[in-house]
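Below is one structure; the comments refer to it alone.
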Amino acid sequence: MTTQIPTPYFVIDEPTLQRYYDMLADSLAQNWPNYLIGYSFKTNSLPWLVSFVKRNGSYAEVVSEDEYLLAKYLGFSDHEIIYNGPYKSRKSFENVLLAGGYVNLDSRQELEWLTALAGSMPDRTFKVGIRANFELEKMCPGETTMGEASGRFGFCYETGRFADAVETIRRLPNVQIAGLHLHSSSKTRSVGIFRAIARMACHLQEEFSFTLEYVDLGGGYCGGMEGRPEYPDYFPVVARELSRCFSPDQTRLIVEPGISLISKCTTFVTSVFDTRDIKGTRYLMTDGSRFNIDPTMIKNSHLFHIEYKADYTKKRPIMEQQIVSGFTCMEVDRLFTHTRQPELVPGDRIIYENVGGYTMSLNPLFIQYFPAVYVQNEEKMKLVRRKWTPEDYVQGSILTDEEL
Ligand SMILES: *Cc1c(COP(=O)(O)O)cnc(C)c1O
C-alpha cells in the first residue's frame, strides 16, 4: 500500500480523473453536442496525463514551440493541435495551419506570417482563429485576474486592434476567419465569467458578421473544489448564451481545461524527517517543498490530511504551533502552520490534496530533482515517472573529457 513507497511523490487517482473527464465530456455533449476538448499542456504536461486525455479524445492545447514538439512526440498530429499564445515559432505555426489544426492568432507578427504563407500558396485556403482581448472586468467587476488593467493577450477589441486584425485577414482572398478565442483568466472561475465570455462571442459575431466554425472559450474552470462550480454548472449557461447567435450544427464549442480536470485527482505525499525547536518555535522539516506544490508562491492555505506513523505508540501532546517547512535551504520554504494539533514526529506523512495543476509543470530542479509520480487504480500503484537523478539533470550539458 501507499505507506511503503518512499516519499516524496505525487499520486494521480485514475478513477477520479476519469470521472472528471467524463463529467466534462457529458456536460458538453448534453448542452452543445458539437464540442472539442483541448487539454492545456502548460497546466500539467506529464506524459502519462497527456496520453490519458489523448486516449479520451482530447486535442493538445499548446502555447510554445516546445509544447508543440512535445505534443508531436506524444503522438498528436498537426491537425490535433490548438495553437495559442504569444510565443509560437513560425515553422510550427505554418505546420498547424497547413494541416488544418486550430491556430488562434495573437500578434501582428503572426498576421505577417499568415499573409506571407497565404500569398505563397494562392491555391490553398486557410482557416484561422483570432484571440480577442476585451474588458471582461467591466462585465464581471472584481472577478478577473488583471482587474482594471488590461490583459496582455490577443487583439484588443476596445482600442480597435481587433477590428484592424479582422480587416487585415479579410483582405487575404484565401484566408477565412473560422474561430474566436476568448480565454481570460479570472480569480473567481465563476459561471458568470463564462456567461460573459459567451456573450462577448455573440457580440463579436454580430458586430463583424462572422460565420464561425468554432468558438473557443479557453480554460479557467473550477473542478473538485468544495462549494465551487463544477462542469455541469457552466455549460447549460454557456449554451444558452451561445445559442442566441450560433448553433451546434455550424459552430463547434472548444474548451481548454487544465486545472479543473486534474486538481481533484492529484495528491502529493510527503514525510516529516526531522523536528527542531528554535526559540520556542517547533519546525517540522519535511521532504516535500513549497516549490513542489506552490511554485509560484501564491497559496496561503493547503488542503491536506495526515497519516500518523503506525508504530508510534507514545501519547502525542497537542502542540500550539508546528511550522511545516520544506527541505530546501530557503527560509521562504514554509508551507503552513499546523495549529493546536497532535505533535508530529519523523515518519508521519502529510498528504496534500488538489495539487494537479501548475505544480509538476512548474517544479524547479532546485536542490532535489523531480519527485516520482504514481498512478493509482483502486489498490494498484503504477510508477509513471521515476524520481529524477543527477543523470537526468545533466542531460544536455556539454562537457569535454578534460573538463570532467
Ligand atoms: C492557462 C490556459 C488554459 C488552462 O487554464 P486552467 O486555468 O488551467 O484551466 C487554457 N487556455 C489558455 C489559452 C491558457 O493560457
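The values are calculated or read from the model by the stated rules, or taken from the named source; none is laboratory data. All of these numbers come straight from a predicted model, not from anything done at the bench. Virtual Cβ from ideal backbone geometry, glycine too; neighbours counted across all protein chains shown.
All of Pro6, Pro86, Pro15 fail the test of being farther than 26 Å from Asn104 by Cα, in contact with an Asp or Glu (Cβ under 8 Å, 6 or more places away or on another chain) and not small (Gly, Ala, Ser), apart from Pro15. The single condition from (1) surrounded by 16 or more Cβ atoms within 10 Å (Cβ to Cβ); (2) assigned by TED's automatic domain parsing to the domain that holds Lys127; (3) of a type in the set (Gly, Ala, Ser) that Ser247 fails is (1).
Evaluate the following for Thr286: is it within 16 Å of the ligand (Cβ to nearest atom) and surrounded by 24 or more Cβ atoms within 10 Å (Cβ to Cβ)? Considered against the rule, which asks whether it is within 16 Å of the ligand (Cβ to nearest atom) and surrounded by 24 or more Cβ atoms within 10 Å (Cβ to Cβ), Thr286 comes out as no.
Here the condition is being at pLDDT below 95, among the hydroxyl-bearing types (Ser, Thr, Tyr), more than 29 Å from Asp249 (Cβ to Cβ) and part of a helix (DSSP H, G or I); of Thr3, Thr16, it holds for Thr3 alone. Of the residues making up region 289-315, just one is closer than 30 Å to Ser190 by Cβ, more than 16 Å from the ligand (Cβ to nearest atom) and of a type in the set (D, E, K, R), namely Arg290. Taking first residues from region 170-195 that are in the same structural domain as Ala239 (by TED's automatic domain parsing) and touching a residue at least 12 places away in the same chain (Cβ under 8 Å) and partners that are buried (at least 20 other Cβ atoms within 10 Å of the Cβ) and among the basic types (Lys, Arg), the Cβ contacts under 6 Å between residues at least 6 apart in sequence or on separate chains come to His181/Arg131.
For (1) within 24 Å of the chain's Cα centre (by Cα); (2) more than 17 Å from Thr7 (Cα to Cα); (3) free of Cβ contacts under 8 Å to residues at least 60 places away in the same chain, each residue gets a yes or a no:
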| residue | (1), (2), (3) |
| --- | --- |
| Ile351 | yes, no, no |
| Asn354 | yes, yes, no |
| Pro364 | yes, yes, no |
| Val373 | yes, no, no |
| Asp392 | no, yes, yes |
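Residues Glu353, Glu378: which one is of a type in the set (Asp, Glu) and in contact with a helix residue (DSSP H, G or I) (Cβ under 9 Å, 6 or more places away or on another chain)? Exactly one of Glu353, Glu378 is of a type in the set (Asp, Glu) and in contact with a helix residue (DSSP H, G or I) (Cβ under 9 Å, 6 or more places away or on another chain), namely Glu378.
The condition of being surrounded by fewer than 14 Cβ atoms within 10 Å (Cβ to Cβ) and within 15 Å of the ligand (Cβ to nearest atom) holds for only one of Tyr59, Tyr87, Tyr73, Tyr21, that being Tyr87.
Taking the conditions exactly as written (over 14 Å from Pro8 (Cβ atoms) and acidic (Asp, Glu)), does Glu307 satisfy them or not? No: the conditions fail for Glu307. Restricting region 249-271 to residues that are touching a Gly at 6+ places or on another chain (Cβ under 7 Å) and away from the ligand (no atom under 16 Å from the Cβ), the residue that is farthest from Gly220 (Cα to Cα) is Ser271.
Residues of region 312-330 that are surrounded by 14 or more Cβ atoms within 10 Å (Cβ to Cβ) and part of a strand (DSSP E or B): Met319, Gln322, Ile323, Val324, Ser325. Ile367 fulfils the conditions (1) closer than 30 Å to Glu67 by Cα; (2) surrounded by 14 or more Cβ atoms within 10 Å (Cβ to Cβ) except for a single criterion, (2). On the stretch given as region 151-191, residues that are among the small types (Gly, Ala, Ser) and away from the ligand (no atom under 16 Å from the Cβ) total 4.
How about region 112-143: which of its residues are of a type in the set (D, E, K, R) and closer than 14 Å to Ile197 by Cα?
First pass over region 112-143, keeping only residues of a type in the set (D, E, K, R): 112, 123-124, 127, 131, 135, 137-138, 143.
Correct list: Arg131, Glu135, Glu137, Lys138, Glu143.
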